[in-house]
Number of protein chains: 2
Amino acid sequence: MASVLLARQVTLNLQQNTRLLVPCVRYVSQAAAKKNVDFEYDGPLMKTEVPGPRSKELIKQLSKIQNSEAVHFFCNYEESRGNYLVDVDGNRMLDLYSQISSIPIGYNHPALIKVLQQPQNLSSFVNRPALGILPPENFTEKLEDSLLSIGPKGLRQVITMSCGSCSNENAFKLIFMWYRNKERGPTGVTKEELDSCMINQLPGCPDYSILSFMGGFHGRTMGCLATTHSKAIHKLDVPSFDWPIAPFPRLKYPLEQFVKENQDEEARCLEEVEDLIVKYRKKKKTVAGIVVEPIQSEGGDNHASDDFFRKLRDIARKHGCAFLVDEVQTGGGSTGKFWAHEHWGMDDPADVVTFSKKMITGGFFHKEELRPDAPYRIFNTWLGDPSKNLLLAEVLNVIKREDLLSNTVQAGKALHDGLLDFQARYPHLVSRARGRGTFCSFDAPSDAIRNQIILQARNKGIVLGGCGDKSIRFRPTLVFKEHHAHLFLNIFNDILADFK
Amino acid sequence: MASVLLARQVTLNLQQNTRLLVPCVRYVSQAAAKKNVDFEYDGPLMKTEVPGPRSKELIKQLSKIQNSEAVHFFCNYEESRGNYLVDVDGNRMLDLYSQISSIPIGYNHPALIKVLQQPQNLSSFVNRPALGILPPENFTEKLEDSLLSIGPKGLRQVITMSCGSCSNENAFKLIFMWYRNKERGPTGVTKEELDSCMINQLPGCPDYSILSFMGGFHGRTMGCLATTHSKAIHKLDVPSFDWPIAPFPRLKYPLEQFVKENQDEEARCLEEVEDLIVKYRKKKKTVAGIVVEPIQSEGGDNHASDDFFRKLRDIARKHGCAFLVDEVQTGGGSTGKFWAHEHWGMDDPADVVTFSKKMITGGFFHKEELRPDAPYRIFNTWLGDPSKNLLLAEVLNVIKREDLLSNTVQAGKALHDGLLDFQARYPHLVSRARGRGTFCSFDAPSDAIRNQIILQARNKGIVLGGCGDKSIRFRPTLVFKEHHAHLFLNIFNDILADFK
């Protein structure tokens, strides 16, 4: 298969397409894009506007069976490669969004193709077990080799789940159970608790809460959604819980010019966190846990200082709340460390860390102290998927072998420097350039202009994503290299220079 | 691979194992088990108690990284075949539980192995897209060929999800949105709604409810969990919603002896449903939808008559509530029809039908009327998984080609007849034998005896599952044939005859 792909790619590269739309290079950047000769394409190649005629036809077909208004275009995944996403009209785009940040090492990575081709792996793909009761022989070993080999320091317990929402939902439940057991002390569960929980009532279903932040996103199932506050479209019309919501710092950029203001802003938010914990305890809606993203992603790539998170962690500890770090989007290496919270430089940064997306499988790490005290408390039919663990193990091999975290630091620096440069040269279009590793973003002046920039970029062969009110977020894969950053910057410079 | 498997199987079959524990056949049943010569094993083969020494060692290892008390034993999925599950100690068991009812056509089905081996399918397994924004070219076509080819009558809209809980959570959200839009009428969403929903408050997050039944199970995430009332262990310590819970009929068996009593019992439950709808409307917790399983599975295989469901559907319609039929466990063919609710014989049985487990992918069908009115309302990163759709399409081909629904009716009759016979001969051990297709069950006299029967059966090479307080449920695959039923009945007869 890999050789077939390669042959096709060579043919494609040889076809001189007369409608090539790659813009001329005007940007004062590094040398022209280098080629990953053995695997990847050498640049975008555009044949039509996007979505093209074939995508439009397919969107129309899909809309007969479901709302398809969110579809950007239809893809040819067979022909996509590395950082390049190919659509059904033959357009080839440099992908800096990577399926909402969920593709770790690019499209059709040969190492993953090989996993599929090895006969000993077939069984994992065709026999999906109920992992909680009948795991496969290599289950623990695969978890040790993969997830636990990159687990956050101090969190040696791990449970897998099928997606990000399920990961956060079950992490919340873990926290509620732990908190209730703390309160209960050595006395066991009462009959009243067992009876009342069956009908959703106190004391069996306690009125605990999870404190979250305005602008946060933790998923869309009903528990998660009660802690999600990024966009109204996610929440409208869905019943919710009265849980405390703290303000998240709104930092001013450039950071070095607003040191005092930003410190005050963070102090204000932390004070509000403590006030809410006290207030909700009085309301008898005790805060059992605090959930936070290291960088609020869906909500607009909102950063806070490492100091903010250290202090937040201390507040959680002081008030006996579990501290849950949601690394569904930030985890997996794109900030330059495997977990974004590792940047905080703490010995004890979290009680629970959730993941999904680039990790291929959902799930969470947690401290021994939070371990479920009985079987079937944190449970469902599948509890993840061994075939995803298999793919993840190989992804981690590639990350280690190719030192992709260092790569991400390097590519991220080029990307971030480029954005800072744009900010200086196009201040009417680019502001608040920010980021860690390749996990970068900037603000456009408005929602409308942001969306227009994304569309123009797409037609020039660059896939970008929006977030928050008016931000553009960069979420390339871990095989996004410095030369891809320069290629992007060259093309994007033209877009900004010509933007009307 | 298939040939390698076959070669191994032949070798295994030729090995005369001296510790063979298959019991002698005393039961007055059909001829000895037939052999699926080309694919399957010819019977259980036990070498150790289960869990055996290797399983015990692996359970100990796993328990270092997670609570492993629910693990029955570790499996060798490579060697498992058809209806036979092989464990890591070399024990081969006839599996009538099929991974909590989630394996549709047996282990290592050659047709599924072939799907994995076809080069054109590799891309689906290594490139998991964000389906809601960037679907693959064949996405609609695969949905048409697979899910929509077996969709319930009248439900032509479909959305895929990653698991059963996410399916129900999103079905609830769909219902809430639809209900709110009905109430709202032609006036649009207000600013107050948009603002208040961001902080979990009215009117943006309305106080709607979903009516569920005592004994029901609809998943374990927080929305689902508020409608789950099967076991306290699922719900204890988790905050919940004050939503109405109706009694589910507790039928007396044999049904033909208790016609009047059961009619009265069903009428009582239906009356309570209407009362609760009225009561919760007054409490301003309007019932937007009713969720029900066609057979309450986790809660104890509780059945109600087709007439009960027809009347329940009418009540939902009368009060303007959506009617959600949860077919996560009952769907996929094991009742003898593809969807258990098809037995009710109605033109308009449901507004939404959820599925997962045997369907390989989670998701739900729904009426056009409930279609989301805007993009991103029912959405998440993955929205299912095209590689699972691919496997499902092949599963459906096999079901159609091999007429597995008819097979299930036939095997189910043999199984059910056998259970009725046991009930007559061992009334101190077997009561309330019931079922549709192979979706059968009976009650043991107590929790303790039920669990002991399951353990003894396992050591004789039969995997069974419990449900409810003291029931044993049968959830074989769709390739479970009449001869498997007789093989099981023969072995199980010995267990019951010797039971102490």
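We did not get these values from a lab; they are worked out from the coordinates using the rules stated. Because the structure is predicted, anything quoted here is derived from the model rather than measured. All Cβ positions, even for glycine, are placed from backbone atoms using ideal geometry, and neighbour counts span all protein chains on display.
For segment B:360-366, what does the Karplus curve 6.51 cos²θ - 1.76 cosθ + 1.60, with θ = phi - 60°, yield as ³J(HN,Hα) per residue in whole Hz, taken in order and with x for Gly and Pro?
6, 10, x, x, 7, 9, 8
Which ordering of A:GLU482, B:GLU79 is given by a fewest-first count of other beta-carbon atoms within 10 Å?
Ranking A:GLU482, B:GLU79 by Cβ neighbours within 10 Å, fewest first, gives A:GLU482, B:GLU79.
Given the rule -39500 (n - 2.57) for each run of at least 4 DSSP H residues, summed and divided by the residues of chain A, what is its mean residue ellipticity at 222 nm, to the nearest 500 deg cm²/dmol?
Per the formula, -11500 deg cm²/dmol.
Over chain B, what is the percentage of antiparallel beta bridges among all DSSP beta bridges, to the nearest 5? If you can, show how the numbers build up before the last one.
Working: 27 of 41 bridges.
Of the beta bridges lying entirely in chain B, close to 65 percent run antiparallel.
If you take every DSSP beta bridge whose two residues both sit in segment B:119-401, what share of them, in percent to the nearest 5, is antiparallel?
Rounded to the nearest five, the antiparallel share is 45 percent.
By Kyte-Doolittle mean hydropathy of at least -0.5 and Cα axial length of at least 15 Å, which whole DSSP H helices of chain B are selected? Mind dumping the intermediate values first?
Numbers: long enough: B:2-14 (18 Å, 1.09); B:164-184 (30 Å, -0.88); B:259-282 (35 Å, -1.17); B:306-318 (18 Å, -1.24); B:386-401 (22 Å, 0.29); B:404-425 (31 Å, 0.00); B:447-459 (18 Å, -0.43); B:482-498 (24 Å, 0.15).
Span-like helices, by this rule, are B:2-14, B:386-401, B:404-425, B:447-459, B:482-498.
Taking every alpha carbon pair in segment B:256-344, what does the distance histogram look like in 5 angstrom bins from 0, in percent?
Bins of 5 Å from zero give 3, 13, 21, 23, 19, 14, 6, 2, 0 percent of pairs.
Considering amide H positions built from the backbone, and no H for Pro or chain starts, which residues 5 or more places from A:ALA246, or on another chain, come under 5 Å of its amide H?
HN-HN under 5 Å from A:ALA246: A:SER212, A:PHE213, A:MET214.
Sorted from fewest to most neighbouring beta carbons within 10 Å, what does the list B:LYS252, A:LYS413 look like?
Listed from fewest to most nearby Cβ atoms, that is B:LYS252, A:LYS413.
Taking every DSSP beta bridge that has both residues in the protein assembly as shown, what percent is antiparallel when rounded to the nearest 5?
Close to 65 percent.
Quickly work out the B:ALA497-to-A:LYS279 label distance, labels modelled 7 Å from Cα along the C-beta direction, and quote it in nm with one decimal.
It works out to 7.3 nm between the two label points.
How shielded is A:56-63 by partner chains, expressed as the average number of their Cβ atoms within 10 Å of its Cβ atoms?
Going residue by residue through A:56-63 and averaging, the value is 3.
So between B:ASP242 and B:GLN61, what do we pick up on full extension, going 0.36 nm a residue minus the alpha carbon distance?
Stretched out fully, the B:ASP242 to B:GLN61 stretch lengthens by 61.0 nm.
Taking amide H positions as placed 1.01 Å from N in the peptide plane, with prolines and chain starts having none, which residues 5 or more places from A:GLN296, or on another chain, fall under 5 Å of its amide H?
Here the answer is A:ASN302, since their amide H atoms fall under 5 Å of that of A:GLN296.
Within segment A:467-490, which residues have the backbone N less than 14 Å from the label spot 7 Å out from A:LYS413 along Cα→beta-carbon, could you tell me?
Within reach of a label on A:LYS413, which here means backbone N under 14 Å from a point 7 Å along Cα→Cβ, segment A:467-490 contributes A:482-483.
Per the Kirkwood definition applied to all pairs of different Cα atoms, how many angstroms is the hydrodynamic radius of the protein assembly as shown?
29.3
For the ranges B:42-51, A:379-388, what's the packing order if you count other beta-carbon atoms within 10 Å of each residue, average per peptide, and put the highest first?
A:379-388, B:42-51
In what sequence do A:SER68, A:SER406, B:SER162 fall when counting other Cβ within 10 Å, fewest first?
Ranking A:SER68, A:SER406, B:SER162 by Cβ neighbours within 10 Å, fewest first, gives A:SER406, A:SER68, B:SER162.
Between B:LEU455 and B:LYS114, what is the spin-label point distance in nm, taking each point 7 Å from the Cα along the Cα→C-beta axis?
Each label point lies 7 Å from its Cα, and together they span 4.4 nm.
Per residue and in Å³, how big is the convex hull formed by the alpha-carbon atoms of segment A:119-401?
150
Starting from the Cα of A:GLU256, step 7 Å along the direction of its Cβ; do the same at A:ARG317; then give the gap between the two resulting points in nm.
3.2
Please compute the average number of Cβ atoms from other chains found within 10 Å of each residue's Cβ in peptide A:216-225.
Neighbouring Cβ atoms belonging to other protein chains average 6 per residue here.
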